[in-house]
Amino acid sequence: MAQFKPKRWQVEDRCGLCNVEFSLMNTRHHCRSCGRSVCGKHSRNKVIVPTSLSKVPQRVCDKCYPNLETNGRMAEIQEKARDGRRKRLEEITGRGMERTTMMNPGESCDEMENVRRGIDA
């Protein structure tokens, strides 16, 4: 797991992306990835930030979002693949265990070997 290292928030009077001045109507937001001060127009996206301890999507600037969003999708795809493999393994071993526990004590070791081969196939 990546070590959590919070970014220092930049405190600027203007948006770090479009240079518009902050005011009561145009408030400052901080990108949770890079710490940049940005206007609402340039911080509309939320994504899970890998360097954060939070699993809740957080506000990020338009400059950081494309990379974080792509990485987030890849992590999600990898996690789903892992879950699919885990589920399949449980199904296979679960069936094997059911078959093993259903066997009578008098059944041959050959039958056990056939069950094992079925699991490994």
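Values quoted throughout were computed directly from the atomic coordinates according to the rules given, and no laboratory measurement underlies them. Being a predicted model, the structure only gives us computed values, none of them experimental. Positions of Cβ are generated from backbone atoms using ideal geometry, with glycine treated the same way; all protein chains shown enter the neighbour counts.
Brief remarks on what is shown
- Compared with the direct C-alpha span, the chain from VAL56 to ASN71 gains 3.9 nm at full extension, assuming 0.36 nm per residue.
- Here the spin labels are modelled as points 7 Å beyond Cα on the Cα-Cβ line, and at SER23 and LYS46 they lie 2.8 nm apart.
- Least to most buried among VAL47, VAL60 (fewest other Cβ within 10 Å first): VAL47, VAL60
- By the beta-carbon count within 10 Å of each Cβ, the least crowded to most crowded order of LEU68, LEU24, fewest first, is LEU24, LEU68.
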